[in-house]
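Some notes on the structure that comes next.
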Amino acid sequence: MSAEAVLRVLKPGPFSLVQDLGRPGHRLGGVPEGGAMDRFALVAANLLVGNSEGAGALECALGGPDLVALRPCLVATTGADFAPSVNGQPVAGWTSHFLAPGDQLTFSGRRQGARCYVGVDGGLAGDRWLGSVATYLLVRRGGVEGRPLKAGDELGRAGPGVRPAVAGRFLPPAGRPAYASPARLAAVPGPHLSRLSPASRRALFRESFRVSRDADRMGFRLEGPPLEITGPELLSFGLAGGCLQVPASGQPILLMADHQTAGGYPVVAGVARADLPLAAQLLPGDELRFEKCGVEEAHQRWRRLRAGLETLRS
Amino acid sequence: MPPPRSSPRIHPLGDAAALVDLGRRLDTALNTRCLHLAAALRKHHAVREAIAGYASVVVHYDPEQISFRGLSAAVRRLAGLRARAAPVGRLHRIPVAYDGPDLEATADALKLEVRELVRLHTAPYYRVFMVGFVPGWAYLGPLDPRLELPRRRVPRTSVPAGSVAIAGLQTGVYPLPTPGGWHLIGTTSVPMFLPQSDPPSLLRPGDRVRFFASAG
């Protein structure tokens, strides 16, 4: 870890990890891209504090940590709204705030969403594996010793702090993903959609599903109308984040950041990248629907979402 | 016989990847064609990654540089090119202690003596058809049909790293402790997941593997 510790962890929160935009280019060895579940929120947190898009930041699931600044720094919280405070005073999300040494950033409770991101100017340092500091729990690599934060951890800066530090930089709601529950996820019909029975095909794009308790960074098992698959078993093939697999049980699985890189279950749809942040903010029990979408339309949605970030470039 | 050169079917896999389907057979020649297509696609400026499966290639592309339609055209053009000589995969000889918790039950289910099971498992040079699922996992095959069994009805919640297993016409070595539904017939001390290497996998697509019985 870098010599310059910038934050100390007083309380780690339920499940806080150092993440970045992951390690693309290593699927050949079976390594998923990984990185932030809500990539938009991580990028926004970094841009708000003057970092490059893919710098290391915290991903805090279910609730936030208690952090104390060891050096002057800029922080910004994005993604889920866990009611952030500085020294007990509520502060706005999606906004950069200056912390002096001794200042505490805490979170008083979950108001919306599942994962909050904390960007720090200079970017967070971490164990680098295959070009990324993203924590990958399965192989215990990246981040802080490949594990969630614990009390007493000191988080280092990857690079020098940004000068001048500009507090008060803000991303207005119109520039953010339309987080909501139930979530409506644009999904491109997948290669094996025709293996669903006609009734199941209709149900996929009409009925609502619920995130089950079996939901983690690898994927969400969904509950809803059982989807009936026909035809012989498939030979294993490569997968991508956002793929919706349907195993024989008929309970679909939505693949998330740390998904397996290959599998043999039919893939009936692929969620558009622009809507994966919406999925990343769902918790067990939350509802979602899939809305059929063409590839070109999905690309347009991505460009519209990205346009919201352009105001943050200085 | 050369594989048929029918035009591949190309399906979107979300909006930044595509599945190129080249066939449905577990077949070395078809898999070689997939490896060639993946290698050719990797040289395309808009392709970020291309991963060969048994009989398919998944292409991860940059939609800011190419449309799905443009990618499909590039895939068809490259799939039509005549492949050069097959890349020479490395040969790995891997010692196995045939002491897995499912060894006896598997032999019983196959109506084979354990000694015969071991002989049939150590005879072939297996091909690495695909690497994936988890880091370091390699799909090896084809297995002798006399060793073909469906997966366990109830998968184990955790299989130790180094477990040598069979299922269907496939065999493999668990690189990490993960859940798994294959039949565990042995163990090896050769690590499959190499975190200090890039790629972090001992086995690569197109490599060959031969197991031999060791004392453990």
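A:PRO32 fulfils the conditions (1) over 27 Å from A:GLY109 (Cβ atoms); (2) assigned to a helix (DSSP H, G or I) except for a single criterion, (2).
So, in segment A:106-121, how many residues would count as being closer than 13 Å to A:THR78 by Cα and hydroxyl-bearing (Ser, Thr, Tyr)? Residues that pass the stated criteria total 1.
For segment A:44-58, does any single residue satisfy the condition of being of a type in the set (A, V, I, L, M) and out of contact with any strand residue (DSSP E or B) (no Cβ under 6 Å at 6 or more places or on another chain)? Steps first, please.
So the first thing to find is which residues in segment A:44-58 are of a type in the set (A, V, I, L, M), and the list is A:44-45, A:47-49, A:55, A:57-58.
Next, from what is left, pick out any that are out of contact with any strand residue (DSSP E or B) (no Cβ under 6 Å at 6 or more places or on another chain): A:47, A:55.
So far as segment A:44-58 goes, yes, one or more of its residues are of a type in the set (A, V, I, L, M) and out of contact with any strand residue (DSSP E or B) (no Cβ under 6 Å at 6 or more places or on another chain).
Scanning segment B:36-56 for residues that are within 13 Å of chain A (Cβ to nearest Cβ) and surrounded by 20 or more Cβ atoms within 10 Å (Cβ to Cβ) returns B:LEU37, B:ALA38, B:LEU41, B:VAL47, B:GLU49, B:ALA50, B:ILE51, B:ALA52, B:GLY53, B:TYR54, B:ALA55, B:SER56. Those residues that are part of a strand (DSSP E or B) and either surrounded by fewer than 23 Cβ atoms within 10 Å (Cβ to Cβ) or within 15 Å of the chain's Cα centre (by Cα) (or both), I need them from segment B:188-216; list them, please. If the condition is that a residue be part of a strand (DSSP E or B) and either surrounded by fewer than 23 Cβ atoms within 10 Å (Cβ to Cβ) or within 15 Å of the chain's Cα centre (by Cα) (or both), then B:PHE193, B:SER201, B:ARG208, B:VAL209, B:ARG210, B:PHE212, B:ALA213 are the ones that fit. Can you name the residue in segment B:97-118 that is farther than 21 Å from B:ARG156 by Cα and touching a residue at least 12 places away in the same chain (Cβ under 8 Å) and, of all such residues, is surrounded by the most Cβ atoms within 10 Å (Cβ to Cβ)? This residue is B:LEU117. Looking only at residues of segment A:62-121 that are assigned to a loop (DSSP other than H, G, I, E, B) and of a type in the set (A, V, I, L, M, F, W, C), we find that the one that is surrounded by the most Cβ atoms within 10 Å (Cβ to Cβ) is A:PHE82. Within segment B:57-83, the set of residues being more than 16 Å from B:ALA29 (Cβ to Cβ), within 24 Å of the chain's Cα centre (by Cα) and at the interface with another protein chain (Cβ under 10 Å from one of its Cβ atoms) comprises B:VAL58, B:VAL59, B:HIS60. Looking only at residues of segment A:12-54 that are basic (Lys, Arg) and under 20 Å from B:ALA50 (Cβ atoms), we find that the one that is farthest from the other protein chains (Cβ to nearest Cβ) is A:ARG23.
Considering segment B:61-83, the residues that are surrounded by 22 or more Cβ atoms within 10 Å (Cβ to Cβ) and in contact with a Lys or Arg (Cβ under 9 Å, 6 or more places away or on another chain) include one that is farthest from B:LEU140 (Cα to Cα), namely B:TYR61.
Of all residues in segment A:284-308, those satisfying the criterion of being under 17 Å from A:ALA178 (Cβ atoms) and more than 14 Å from every other protein chain (Cβ to nearest Cβ) are A:ASP286, A:GLU287, A:LEU288, A:ARG289, A:GLY308. Filtered by the rule that a residue be touching a helix residue (DSSP H, G or I) at 6+ places or on another chain (Cβ under 9 Å), part of a loop (DSSP other than H, G, I, E, B) and facing another protein chain (nearest Cβ under 7 Å), segment B:131-144 gives B:GLY132, B:VAL134, B:PRO135, B:GLY136. Looking across segment A:265-275 at every residue that is under 18 Å from A:GLN245 (Cβ atoms) and at the interface with chain B (Cβ under 9 Å from one of its Cβ atoms), the one that is surrounded by the most Cβ atoms within 10 Å (Cβ to Cβ) is identified as A:GLY270. Which condition from (1) within 20 Å of A:VAL31 (Cβ to Cβ); (2) in contact with a Pro (Cβ under 7 Å, 6 or more places away or on another chain); (3) free of Cβ contacts under 8 Å to residues at least 40 places away in the same chain is the one that B:ALA29 breaks? In the conditions (1) within 20 Å of A:VAL31 (Cβ to Cβ); (2) in contact with a Pro (Cβ under 7 Å, 6 or more places away or on another chain); (3) free of Cβ contacts under 8 Å to residues at least 40 places away in the same chain, B:ALA29 misses (1) alone. If the condition is being of a type in the set (A, V, I, L, M, F, W, C), assigned to a strand (DSSP E or B) and within 12 Å of another protein chain (Cβ to nearest Cβ), then segment B:161-187 contributes only B:ALA167. For A:ARG201, the requirement of being among the basic types (Lys, Arg) and under 30 Å from A:LEU42 (Cβ atoms) is not met.
Read the figures in this text as sums done on the coordinates, not as results from a lab. Remember, it's a predicted structure, so these values are computed and weren't measured experimentally. Here the Cβ is made from the backbone with ideal geometry for all residues, glycine too, and neighbour counts use every protein chain on show.
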